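Everything on this sheet refers to the single structure shown next.
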Amino acid sequence: MQTILTVNGGSSSLKCALFELRNGALTLLYGFKLGNILNTPRFKVKDASGATLEQSTPDYQSVPKEERHQACLQTILNWLSQHLPESSLVAIGHRVVHGGEIFSEPCIVTSEVKAQLEKFIPLAPLHQPYNLRLIEACQALEPTLPQIACFDTMFHSKQSNLEKNYALPRQYTDEGVRRYGFHGLSYEFIQRQLTQLQSPSLNTVVCHLGAGASMCAIKNGVSIASSMGFTAVDGLPMGSRCGNIDPGVLLYLQRQHQMDADQLETLIYKQSGWLGVSGISSDMLELHRAEQPEAEEAIEMFCYRAALEIGRLSAALEGLGQIVFTGGVGENDADVRQRILNRCRWLGITYSEDANQNNENIISLNDSAVTVRVIATNEEAMIATHVLEITKAHS
C-alpha cells in the first residue's frame with residue numbers, strides 16, 4: 001500500500017494525516033494530533049470518519065525540548081508500523097508558513113531550498129523554525145523519501161504591489177517588509193472546491209475563522225487581497241492575537257511601560273485577541289458559554305471587525321458575488337455567522353436562519369445578491385494533493 005504523510009506543525013503541536021495513494025487518487029486513512037508536546041503531550045488518532053481510535057499521553061520527559069518534534073514523528077511512525085505494516089511511504093508533505101517572494105508553488109526540499117527558508121525565520125519567528133525542525137526530523141527518520149514543502153504564503157503571491165507594499169521607504173520593502181498573507185493552503189483548498197461546485201469565477205470573500213483567523217478576496221480564482229499582512233498577527237482579532245493595531249500603541253508601550261521586543265511579541269501574539277478582551281478564554285465555545293459582558297464584547301468585536309473586512313475586501317474586488325465561511329468557527333458557529341451577515345445586509349445579503357443553524361452548504365436565499373456558503377476546509381488534503389502532483393511530475 002503506497003501512502004503519503006502530511007506534516008503540519010506548530011511550536012507545541014503537531015498534526016499529521018496519512019493518505020493512501022491508489023490509481024492516482026488519494027484516500028484519507030488516519031489523522032494524528034499531538035498537543036502540548038513541550039509539557040504533558042496528548043496523542044490522538046482518528047480514522048477517516050473522525051472516530052477516535054486511540055488516546056494516550058506519551059512520556060517525552062527524558063527528551064530535550066528541541067528534539068520533541070522528532071520524538072512526536074517517531075511516535076506516529078511507530079503507530080503506523082504497528083497498525084498498518086503494509087504501508088509504504090512514498091513522500092512526506094510539509095506545511096511551511098513562509099515562502100517569501102521566492103516560493104510561489106510547492107517544491108521538493110533540497111539543501112539549497114532549506115538554506116533559503118532559514119533566511120525567512122526573521123519574517124516568521126514563531127512558526128518557521130518549527131516547520132524547518134520538522135523537515136529535518138523527517139529527513140533523519142526517513143532519509144530516502146522526498147520532502148515536499150507547501151507554503152502558506154504561495155496562494156497570495158500574485159497580489160499586486162498596491163496590496164502588498166506598505167508606505168515605507170523602499171529599502172525596507174526591498175528587504176521583504178511587505179504584506180504576505182497566510183492560510184493560503186486553506187484558501188487554495190476552498191477555491192478548488194468552488195471549481196468543483198462550478199462557481200470558481202465569482203468575486204469571492206473567503207472567511208477562514210478560528211482561533212487563527214483571516215479573510216481573503218479571490219477574483220477569477222486568484223487571491224488579490226487578504227487581511228493578514230507581514231505576519232499572522234495582523235487583521236482580525238483572534239484567539240490570543242490582537243489583529244490590526246496602531247503601531248503607535250506599541251511605541252507607547254515601549255516608552256511608558258518599558259516593554260521590550262519579546263514582551264511586545266508575547267502581548268500581541270499570546271495575551272490579546274478574544275483572550276485579552278474577555279479576560280476569560282481564547283476559545284470561542286467558552287466565550288459563548290461564559291455569559292459575561294466581557295465575553296460578549298470579545299465575540300461582538302470579532303464579528304464587527306470581520307464585517308468591516310468584508311467591506312474592504314469587497315472594495316478590492318470591485319463587487320462581491322460570494323462569501324464562504326470556513327475554519328473551525330466559520331464552519332460550526334452559526335451565531336458568529338449570523339452576527340457577521342446581519343452587519344452585511346447592505347450588500348444585499350439575505351439568508352435562511354434555519355439553513356444557517358444547520359450549517360448547510362448554502363445558507364443564502366434565492367433572492368440574495370450574494371451567495372453565502374459554508375465549506376469545510378482541509379489543509380492536509382491540500383498538502384497531499386500537492387505532494388501527489390509533484391511526485392507525478394518527477395516520476
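The values are calculated or read from the model by the stated rules, or taken from the named source; none is laboratory data. What you see is a predicted model; the values in this text were computed from it and never measured. So basically every Cβ, Gly included, is an ideal-geometry build from the backbone, and we count neighbours across all protein chains shown. SASA here: full protein model, heavy atoms, side chains in, ligands and nucleic acids out. Shrake-Rupley method; radii C 1.70, N 1.55, O 1.52, S 1.80 Å.
Of the candidates ILE224, ILE190, the single residue that is open to solvent by less than 50 Å² (accessible area, probe 1.4 Å), touching a residue at least 12 places away in the same chain (Cβ under 8 Å) and assigned to a helix (DSSP H, G or I) is ILE190. Within the range 47-63, the presence of a residue that is of a type in the set (A, V, I, L, M, F, W, C), open to solvent by 30 Å² or more (accessible area, probe 1.4 Å), part of a loop (DSSP other than H, G, I, E, B) and in contact (Cβ under 8 Å) with a residue 24 or more places away in the chain is excluded. Considered as a group, the residues in the range 93-117 that are assigned to a helix (DSSP H, G or I) and of a type in the set (A, V, I, L, M) include one that is least open to solvent (accessible area, probe 1.4 Å), and that residue is LEU117. Taking the listed residues ALA381, ALA376, the one that is part of a loop (DSSP other than H, G, I, E, B) and modelled with pLDDT of 95 or more is ALA376, with no other qualifying.
Filtered by the rule that a residue be polar (S, T, N, Q) and either without any contact (Cβ under 8 Å) to a residue 60 or more places away in the chain or out of contact with any Leu (no Cβ under 6 Å at 6 or more places or on another chain) (or both), the range 1-37 gives THR6, ASN8, SER11, SER12, SER13, ASN23, THR27, ASN36.
In the set (1) in contact (Cβ under 8 Å) with a residue 60 or more places away in the chain; (2) touching a Phe, Trp or Tyr at 6+ places or on another chain (Cβ under 8 Å); (3) not polar (S, T, N, Q), GLY181 fails one condition alone, (1). Just so you know, in the range 249-308 the residues that are among the hydroxyl-bearing types (Ser, Thr, Tyr) and part of a loop (DSSP other than H, G, I, E, B) include one that is modelled with the highest pLDDT, and it is SER272. Among the residues here, ILE280 does not qualify as touching a His at 6+ places or on another chain (Cβ under 8 Å) and either surrounded by 12 or more Cβ atoms within 10 Å (Cβ to Cβ) or on the phi > 0 side of the Ramachandran plot (or both).
Among the conditions (1) open to solvent by 20 Å² or more (accessible area, probe 1.4 Å); (2) out of contact with any strand residue (DSSP E or B) (no Cβ under 7 Å at 6 or more places or on another chain), ALA316 misses just one, which is (2). For ALA290, the test of being open to solvent by 20 Å² or more (accessible area, probe 1.4 Å) and either closer than 28 Å to ASN220 by Cα or aliphatic (A, V, I, L, M) (or both) is passed. The residues of the range 146-178 that are open to solvent by less than 30 Å² (accessible area, probe 1.4 Å), part of a loop (DSSP other than H, G, I, E, B) and modelled with pLDDT of 95 or more, listed by number, are ASP152, THR153, GLN159. Is the range 118-127 home to any residue that is of a type in the set (Lys, Arg), in contact with a His (Cβ under 7 Å, 6 or more places away or on another chain) and open to solvent by 30 Å² or more (accessible area, probe 1.4 Å)? No, the range 118-127 has no match at all.
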